[in-house]
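The block underneath contains the structure these notes are about, expressed in C-alpha cells.
The values are calculated or read from the model by the stated rules, or taken from the named source; none is laboratory data. The structure displayed is predicted, hence computed values, not measured ones. Cβ placement follows ideal geometry from the backbone for every residue including glycine, while neighbour counts extend to all protein chains displayed.
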Amino acid sequence: MRRIFALLLVFGLVFGLVACAAEETPEPETTTTITTTEPTTTIGPLVRLYLPSPDGTQAFITMDVETDGTPQYIVQLLMEHGALPQGSELLQLEQTWAANDNYSTADMNQAFLVGLLQLGSHGELMVIASLVNSLLGYSGPGNLANVTITVEGQTLETGHEIYDYPLEYFDFS
C-alpha cells in the first residue's frame, strides 16, 4: 500500500509540475522600431558625408551615416546622394602616416573622370570637395591631412584643373 501511495505521490508531483509548466504564459514579443534617415542600411562606423548644397551655392550639407567601414562604401553613398558622378568607384585608397606628413591617395575609376568632365568649374569643385572632405573624415585611426586624387593610376586632369597636388579639407564658411 505504501508503494502505491508513493507512486501516486510521485505521479501527482510530476503531473503537477507538467501542468504548471504548461500554464505559464510566454513572454510577450518585443518590437523595436528604429527610424533612420538616408541611407536605410546602418551597419558600421559613423562617417560624415559632405554633399553639395542643392541651391547651387558653394556650401555643403552634411549627413552622418553608418557605413560598412570601407572607403569604397563612402564613395558609393556619395554617388547615391548625387555628390559624385554616376558610376564612380574608388579603386583604391592608400593611406600613409609618416612622422610629419599624413596623407592619402584616392584612385578613382574612369566613370568618375567622365562625369567630372561634363561639369562646369563650380560643379567640379563641389564634387572634388565632397570626395576629399568625406574621405578625410573617414581617415580612421589617424588624422589625414590631405588627399591626392588619381584616375586609374594617372593624374586627374580636367579642362579646369590638373590635380597633381594633395588636396586639403575644403572650408566654405
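Among the residues of the range 64-79, the ones that are crowded, with 18+ Cβ neighbours inside 10 Å and either in contact (Cβ under 8 Å) with a residue 12 or more places away in the chain or over 15 Å from residue 126 (Cβ atoms) (or both) come to 9 in all. Can residue 89 be described as modelled with pLDDT under 50 and within 22 Å of the chain's Cα centre (by Cα)? Taking the combined requirement at face value, the residue does not satisfy it. Of the set (1) within 30 Å of residue 156 (Cα to Cα); (2) under 16 Å from the mean Cα position of the chain (by Cα); (3) modelled with pLDDT under 95, all apply to residue 41 but (1).
There is at least one residue in the range 124-138 that is buried (at least 18 other Cβ atoms within 10 Å of the Cβ), charged (D, E, K, R) and under 20 Å from residue 56 (Cα atoms). If the condition is being under 24 Å from residue 157 (Cβ atoms) and either surrounded by fewer than 19 Cβ atoms within 10 Å (Cβ to Cβ) or among the polar types (S, T, N, Q) (or both), then the range 80-92 contributes 82, 86, 87, 88, 89, 91, 92.
For the range 101-133, the candidate set comprises residues that are outside any helix (DSSP H, G or I) and small (Gly, Ala, Ser); within that set, the residue that is modelled with the lowest pLDDT is 104.
Within the range 80-111, the set of residues being closer than 23 Å to residue 66 by Cβ and in contact (Cβ under 8 Å) with a residue 40 or more places away in the chain comprises 80, 81, 83, 84, 93, 95, 104, 106.
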